[in-house]
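Colleague: My structure is below; once you've seen it, I'll send some questions.
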Amino acid sequence: QKEVEQNSGPLSVPEGAIASLNCTYSDRGSQSFFWYRQYSGKSPELIMSIYSNGDKEDGRFTAQLNKASQYVSLLIRDSQPSDSATYLCAVRNQAGTALIFGKGTTLSVSS
Amino acid sequence: ETGVTQSPTHLIKTRGQQVTLRCSSQSGHNTVSWYQQALGQGPQFIFQYYREEENGRGNFPPRFSGLQFPNYSSELNVNALELDDSALYLCASSLAQGGYTFGSGTRLTVV
């Protein structure tokens, strides 16, 4: 079973700071990478997808991908208390038939 | 455009019983996947259906089975329920290699 690893946290940052979330994966053939946000008791919500090496920015969110190092990260700038949630890293397997998730990192933003 | 809808939202079953969970995929999405999420864990891949055929399966026993219908809606069936089957069951739909959109989930409790 291919794996996706994340630090479970909790990661605590003050309001306005940058939150940095990291993820490593084992399947070298993976081509598609996703970050989901999950509030307590809710279902995962897609916030970023990235397919090529480098950075991809969307508002306050930046996803970074390094396929050589098998590493994906998510930066949240100007963190808000409403960003407090669990962030799930997901990698599509090489066959394209499944998303493999990490256990998630819990982020807490204090006001 | 309608999102992914799941029913029921909550369910309580007795050990040994059978359960059927239902999912309507997002309009235009021809791929449906099912995930099991235990408390404090990331979603675990159960199986994926594409054009009514199972085209991927995770590490779940045969008592977990599914169907996809011509309108791309889907069912997850679990036989001989065990206490450890208590979890949030998530349905996700997708198109080609895009991100997966999740439904709100079904919370199953086995007593």
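Colleague: Of everything in the stretch A:94-111 that's out of contact with any strand residue (DSSP E or B) (no Cβ under 6 Å at 6 or more places or on another chain) and more than 7 Å from chain B (Cβ to nearest Cβ), which residue is modelled with the lowest pLDDT?
Modeller: A:Gln94
Colleague: So, one more: Since A:Phe61 meets every condition but one in (1) more than 11 Å from every other protein chain (Cβ to nearest Cβ); (2) aromatic (Phe, Trp, Tyr); (3) closer than 24 Å to B:Leu39 by Cα, which condition does it not meet?
Modeller: It is condition (3) that A:Phe61 fails.
Colleague: For residues that are surrounded by 14 or more Cβ atoms within 10 Å (Cβ to Cβ) and over 16 Å from the mean Cα position of the chain (by Cα), scanning just the stretch A:14-30, find the one that is farthest from the other protein chains (Cβ to nearest Cβ).
Modeller: Going through the qualifying residues, I end up with A:Ala17.
Colleague: Among the numbered conditions (1) in contact with a Leu (Cβ under 8 Å, 6 or more places away or on another chain); (2) in contact (Cβ under 8 Å) with a residue 24 or more places away in the chain, tell me where B:Gly42 comes up short.
Modeller: Among (1) in contact with a Leu (Cβ under 8 Å, 6 or more places away or on another chain); (2) in contact (Cβ under 8 Å) with a residue 24 or more places away in the chain, the lone unmet condition for B:Gly42 is (2).
Colleague: Also: Tell me which strands (runs of 3 or more DSSP E) are completely within the stretch B:1-56 and hold 3 or more residues being crowded, with 19+ Cβ neighbours inside 10 Å and either more than 10 Å from chain A (Cβ to nearest Cβ) or out of contact with any helix residue (DSSP H, G or I) (no Cβ under 9 Å at 6 or more places or on another chain) (or both), or say none if there are none.
Modeller: Output list reads B:19-24, B:31-37, B:44-50.
Colleague: Hey, another quick one. Tally time: how many residues in the stretch A:73-83 are in a loop (DSSP other than H, G, I, E, B) and surrounded by fewer than 18 Cβ atoms within 10 Å (Cβ to Cβ)?
Modeller: The number of residues fulfilling the criteria is 3.
Colleague: Test A:Gln64 against the stated conditions and say whether it is farther than 21 Å from A:Ser110 by Cα and part of a loop (DSSP other than H, G, I, E, B).
Modeller: no
Colleague: Hey, among A:Lys42, A:Lys103, A:Lys2, which residue is of a type in the set (D, E, K, R) and either touching an Asp or Glu at 6+ places or on another chain (Cβ under 6 Å) or in a strand (DSSP E or B) (or both)?
Modeller: A:Lys2 is the lone residue from the list that is of a type in the set (D, E, K, R) and either touching an Asp or Glu at 6+ places or on another chain (Cβ under 6 Å) or in a strand (DSSP E or B) (or both).
Colleague: For the stretch B:72-83, name all the residues that are farther than 19 Å from B:Pro8 by Cβ and in contact with a strand residue (DSSP E or B) (Cβ under 8 Å, 6 or more places away or on another chain).
Modeller: B:Tyr72, B:Glu82, B:Leu83 - these are the residues of the stretch B:72-83 that are farther than 19 Å from B:Pro8 by Cβ and in contact with a strand residue (DSSP E or B) (Cβ under 8 Å, 6 or more places away or on another chain).
Colleague: Within the stretch B:57-105, work out how many residues are of a type outside the set (D, E, K, R), over 24 Å from A:Tyr39 (Cα atoms), away from chain A (no Cβ under 14 Å) and in a loop (DSSP other than H, G, I, E, B).
Modeller: The number of residues fulfilling the criteria is 10.
The values are calculated or read from the model by the stated rules, or taken from the named source; none is laboratory data. If you're wondering where the values come from, they're calculated on a predicted model, not measured in any experiment. Here the Cβ is made from the backbone with ideal geometry for all residues, glycine too, and neighbour counts use every protein chain on show.
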